[in-house]
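Asker: Questions regarding the structure given below will be posed in turn.
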Amino acid sequence: MKLDRKQVEHVAWLARLGLDEAEIEKFTVELSNILENFEILNQVDTADVSPATHAVPLQSVFREDQSSPSYPQSDILTNAPREEENCFKVKPVLE
Amino acid sequence: MNKLYQLSIHRAHELLERREISSVELTKATLERIAEVEAKIHACVTVTEDIALRQAEEVDRCIANGDITLLAGVPVLIKDVICTKGIRTTCSSKMLENFIPPYDATVMKKLKAQKAVILGKGNMDEFAMGSSTEHSAFFPTRNPWNLSYVPGGSSGGPAAAVASNEAIYALGSDTGGSIRQPAGFCNVVGLKPTYGRVSRFGLVAFASSLDQIGPITKDVTDCALVMNAIAGYDPMDSTSVSYPVPDYTSCLNRDLKGLRIGIPQEYFVEGMQEGVKSALEAAIKKLKELGAEIDWEASLPSTKYALAVYYIVAPSEASANLARYDGVKYGFSEQKASSMIEATEKTRQFGFGAEVKRRIMLGTYALSAGYYDAYYLKAQKVRTLIEQEFEQAFEKYDALVTPTSPTVAFKLGEKLEDPMQMYLSDVCTLPINIAGVPAVSVPAGFVAGLPVGMQIIGKPFNEETILRIAFAYEQATDWHKREPGI
């Protein structure tokens, strides 16, 4: 599977990952090479196989709905790059 | 053995209990050792000297009152992917360079309950993505056995620190080999527990269906002691399993009579170093002498698909997990942008390094519309087949033995520009994460002065058997006693 430049730009957009010109060129080649190595999976007949999720046979894990104290707001805001009036501050979302 | 920093946990514990040494003496000796060799090894992102000494003083007061647990007062280095309350946790990434967690990971709570002494945080490949620790955003760690060589990765800092006596033991994390491969490269013991055996709460997520925390230690007894402390169900991690935790030290005996060990041929791969192969063959003969029944003809035919499965599943999960780094709540944030979306894109462009970007791209692609069935779904189906092969193998064998890595450590820079070659160095370890079973790497010889690791793979939730095999082998050999001349 060869990736073209347009696909790389589209995937970067989906991931909200800014890439410079050199990175776009590099990933176009590198990701194509890596994907080629994945073609080996086409050799495997998986017609009757269900997909795995993870390795332990756990499903729908429940616990008691007990209330407990949350972290203080000040602790959580300590790492915030920008805050205002005890809120996280972000750039405009709507134009 | 004449320096305190050379002690194992169990030996240090004996001396602390008899009050022949104090925790402050042991901690100071280890901190001095860090000061002595760190400029060569670069194993630590953060050294918390003040915190360590304060903890050591507190432990000494407890010990004076006769209050001592097995890990009490013994200094540990924590891989910088495990959240430590009030101590910077960077994942060796610019993205989290200044992140100070407001809470402790469950394993940290457990170590603190035992009064462990926290030395600091160990270097790693950024967000645990890599096999050499060269993908740290800060600096590469060096292999103590030869400073021109990598220590392996991603837990290269913790493994190199234990090997060079900068820490008595360490905690690492393992998603595709990140504990075992560096343990093998550095001549120390590294265990990846069964998926669900150790809580992942507070472990910064890379690939949630594969990640596990585990010990990196100087010997197998220490590995069992650390497992006693960190294993068990945690309501904060819904994938942890409420299966009883045994005393992992009780299974350590020198006799392997009655154990059936399979040697899967597929792990003796093309491109494997001749020296690694002969070291493994000698080690397996030793297991036979110790009483194990060896079957050289074991087979896990789908092994050849594991690399492709891993490098689809792990990046897919990573692309979802790393979506949280948007520069809003914590972490690096690029403000030179006119909109929220542009700020997010730039934050991620400047905050992440090359390997992390590569995996986010790969995973996003594998999950994207039109490709999901061909890549992610296909990989998860083949994963089922790999899991089933392990299940079938364990109907015949109590354990499987393979090399930890097809080669010994490689030179810094050797594989940095070739991602596929770097990925191949985990070819023996990543099938184990895919199947979720436990495996331990133990020192098993040297090739041209660089260590060889033997990987022992066990049944789910049966770490006891692989530790028993590892212990018997260790007691019959002296590889683990060798130290790098640094």
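Asker: Which condition does residue B:449 not pass, out of (1) away from chain A (no Cβ under 14 Å); (2) under 28 Å from residue A:27 (Cα atoms); (3) surrounded by fewer than 24 Cβ atoms within 10 Å (Cβ to Cβ); (4) not charged (D, E, K, R), if it passes all the others?
Answerer: (2)
Asker: Additional query: Of all residues in the range A:1-13, count the ones that are among the acidic types (Asp, Glu) and at the interface with another protein chain (Cβ under 8 Å from one of its Cβ atoms).
Answerer: Residues of the range A:1-13 that are among the acidic types (Asp, Glu), as a first pass: A:4, A:9.
From what's left, at the interface with another protein chain (Cβ under 8 Å from one of its Cβ atoms): none.
Summing the residues that are among the acidic types (Asp, Glu) and at the interface with another protein chain (Cβ under 8 Å from one of its Cβ atoms) in the range A:1-13 gives 0.
Asker: Out of the range A:40-51, which residues are over 21 Å from the mean Cα position of the chain (by Cα) and either within 8 Å of chain B (Cβ to nearest Cβ) or not acidic (Asp, Glu) (or both)?
Answerer: Let us first name the residues in the range A:40-51 that are over 21 Å from the mean Cα position of the chain (by Cα), namely A:40-50.
Listed by number, the residues that qualify are A:40, A:41, A:42, A:43, A:44, A:46, A:47, A:49, A:50.
Residue-by-condition table, conditions (1) more than 20 Å from residue B:377 (Cα to Cα); (2) facing chain B (nearest Cβ under 7 Å):
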position: A:15; (1), (2): no, yes
position: A:20; (1), (2): yes, no
position: A:24; (1), (2): yes, no
position: A:32; (1), (2): no, no
position: A:35; (1), (2): no, no
position: A:58; (1), (2): no, yes
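Asker: Do you know which residues across the range B:368-385 are surrounded by fewer than 21 Cβ atoms within 10 Å (Cβ to Cβ) and hydrophobic (A, V, I, L, M, F, W, C)?
Answerer: B:369, B:374, B:377, B:385
Asker: Could you please find all residues in the range B:242-289 being of a type in the set (Asp, Glu) and free of Cβ contacts under 8 Å to residues at least 60 places away in the same chain? So that I can check it myself, show each step before the final result.
Answerer: First pass over the range B:242-289, keeping only residues of a type in the set (Asp, Glu): B:247, B:255, B:266, B:270, B:274, B:281, B:289.
Passing the criteria: B:247, B:266, B:270, B:274, B:281.
Asker: Which condition breaks for residue B:476 when tested against (1) more than 14 Å from chain A (Cβ to nearest Cβ); (2) of a type outside the set (Phe, Trp, Tyr); (3) within 19 Å of the chain's Cα centre (by Cα)?
Answerer: The failed condition is (3).
Asker: What number goes with the only condition from (1) closer than 30 Å to residue A:23 by Cα; (2) touching a Leu at 6+ places or on another chain (Cβ under 6 Å) that residue B:471 does not pass?
Answerer: Of the numbered conditions (1) closer than 30 Å to residue A:23 by Cα; (2) touching a Leu at 6+ places or on another chain (Cβ under 6 Å), the odd one out for residue B:471 is (1).
Asker: Give B:71, B:26 a once-over and let me know the one that is buried (at least 22 other Cβ atoms within 10 Å of the Cβ) and either in a loop (DSSP other than H, G, I, E, B) or modelled with pLDDT under 95 (or both). Give the derivation first.
Answerer: Details: B:26 fails: either in a loop (DSSP other than H, G, I, E, B) or modelled with pLDDT under 95 (or both).
One residue alone meets the criteria, B:71.
Asker: Report, by residue number, each residue of the range B:353-374 that is among the acidic types (Asp, Glu) and either closer than 19 Å to residue A:19 by Cα or under 22 Å from the mean Cα position of the chain (by Cα) (or both).
Answerer: Initially, the range B:353-374 is screened for residues among the acidic types (Asp, Glu), giving B:355, B:373.
The answer is B:355, and nothing else.
Quick grid of which residues meet (1) over 30 Å from residue B:304 (Cα atoms); (2) touching a residue at least 40 places away in the same chain (Cβ under 8 Å); (3) exposed (fewer than 12 other Cβ atoms within 10 Å of the Cβ); (4) out of contact with any Leu (no Cβ under 7 Å at 6 or more places or on another chain):
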site	(1), (2), (3), (4)
A:9	yes, no, no, yes
A:28	no, no, no, no
A:39	no, no, yes, yes
A:42	no, no, yes, yes
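Asker: Show the residue pairs meeting these rules: Cβ distance below 7 Å; 6+ apart or different chains; first residue within the range B:318-330 and under 16 Å from residue B:365 (Cβ atoms) and facing chain A (nearest Cβ under 9 Å); second residue assigned to a loop (DSSP other than H, G, I, E, B) and at pLDDT 95 or above.
Answerer: If the second residue must be assigned to a loop (DSSP other than H, G, I, E, B) and at pLDDT 95 or above, the pairs left are B:319/A:15.
Asker: Do we find a residue being under 24 Å from residue B:441 (Cβ atoms) and within 12 Å of chain A (Cβ to nearest Cβ) anywhere in the range B:335-346? Before the answer, list the steps.
Answerer: Initially, the range B:335-346 is screened for residues under 24 Å from residue B:441 (Cβ atoms), giving none.
Among the residues of the range B:335-346, not one is under 24 Å from residue B:441 (Cβ atoms) and within 12 Å of chain A (Cβ to nearest Cβ), which makes the answer no.
Asker: Limited to the range B:390-437, what total is found for residues that are in a loop (DSSP other than H, G, I, E, B) and not charged (D, E, K, R)? First the steps, then the outcome.
Answerer: Residues of the range B:390-437 that are in a loop (DSSP other than H, G, I, E, B), as a first pass: B:397-398, B:404-410, B:412-418, B:425-429, B:436-437.
Among the residues that remain, those that are also not charged (D, E, K, R) are: B:397, B:404-410, B:412-413, B:416, B:425, B:427-429, B:436-437.
Going through the range B:390-437 one residue at a time, the tally reaches 17.
Asker: Is there any pair linking a residue in the range B:413-426 that is at the interface with chain A (Cβ under 10 Å from one of its Cβ atoms) to one that is modelled with pLDDT under 90, with Cβ under 8 Å and at least six apart or on different chains, and which?
Answerer: B:424/B:271
Asker: Enumerate the strands (runs of 3 or more DSSP E) found wholly within the range B:145-257, keeping only those where 3 or more residues are more than 10 Å from the chain's Cα centre (by Cα) and buried (at least 24 other Cβ atoms within 10 Å of the Cβ). Give the steps one after another, and end with the answer.
Answerer: Values: elements: B:169-174, B:189-192, B:212-217.
No strands (runs of 3 or more DSSP E) qualify here.
Asker: Applying the selection to the range B:92-117, what residues are buried (at least 21 other Cβ atoms within 10 Å of the Cβ), of a type in the set (A, V, I, L, M, F, W, C), away from chain A (no Cβ under 14 Å) and touching a helix residue (DSSP H, G or I) at 6+ places or on another chain (Cβ under 9 Å)?
Answerer: Result: B:107, B:111, B:116, B:117.
Asker: Hey, among B:399, B:409, which residue is more than 9 Å from chain A (Cβ to nearest Cβ), crowded, with 21+ Cβ neighbours inside 10 Å, within 22 Å of the chain's Cα centre (by Cα) and more than 30 Å from residue A:26 (Cα to Cα)?
Answerer: Working: B:409 fails: more than 30 Å from residue A:26 (Cα to Cα).
Result: B:399 is the single residue among B:399, B:409 that is more than 9 Å from chain A (Cβ to nearest Cβ), crowded, with 21+ Cβ neighbours inside 10 Å, within 22 Å of the chain's Cα centre (by Cα) and more than 30 Å from residue A:26 (Cα to Cα).
Asker: Name the residues in the range B:240-282 that are of a type in the set (S, T, N, Q) and under 15 Å from residue B:469 (Cα atoms), would you? Give the derivation first.
Answerer: Of the residues in the range B:240-282, the ones of a type in the set (S, T, N, Q) are B:240, B:242, B:249-250, B:253, B:265, B:273, B:278.
Matches in the range B:240-282: B:249, B:250, B:253.
Asker: Would you check which residues across the range B:347-374 are more than 7 Å from chain A (Cβ to nearest Cβ), part of a helix (DSSP H, G or I) and in contact with a helix residue (DSSP H, G or I) (Cβ under 9 Å, 6 or more places away or on another chain) and list them?
Answerer: The first filter runs over the range B:347-374 and keeps only residues more than 7 Å from chain A (Cβ to nearest Cβ), leaving B:347, B:350-356, B:359, B:363, B:366-367, B:369-374.
Keeping just the survivors that are part of a helix (DSSP H, G or I) gives B:347, B:350-351, B:354-356, B:359, B:363, B:366-367, B:373-374.
Of everything in the range B:347-374, those that are more than 7 Å from chain A (Cβ to nearest Cβ), part of a helix (DSSP H, G or I) and in contact with a helix residue (DSSP H, G or I) (Cβ under 9 Å, 6 or more places away or on another chain) turn out to be B:347, B:350, B:351, B:354, B:355, B:356, B:359, B:363, B:366, B:367, B:374.
Asker: Return a yes/no flag: does the range A:59-67 have any residue that is of a type in the set (A, V, I, L, M, F, W, C) and either in contact with a Cys (Cβ under 7 Å, 6 or more places away or on another chain) or within 30 Å of residue B:176 (Cβ to Cβ) (or both).
Answerer: First pass over the range A:59-67, keeping only residues of a type in the set (A, V, I, L, M, F, W, C): A:61-62.
Checking the rest, the ones that are also either in contact with a Cys (Cβ under 7 Å, 6 or more places away or on another chain) or within 30 Å of residue B:176 (Cβ to Cβ) (or both) come to A:61.
Looking for residues that are of a type in the set (A, V, I, L, M, F, W, C) and either in contact with a Cys (Cβ under 7 Å, 6 or more places away or on another chain) or within 30 Å of residue B:176 (Cβ to Cβ) (or both), one finds at least one in the range A:59-67, hence yes.
The values are calculated or read from the model by the stated rules, or taken from the named source; none is laboratory data. Just so it is clear, the structure is predicted and the values come from calculations on it, not from any experiment. Every residue, glycine among them, receives a Cβ derived from its backbone with ideal geometry; neighbour counts consider all protein chains shown.
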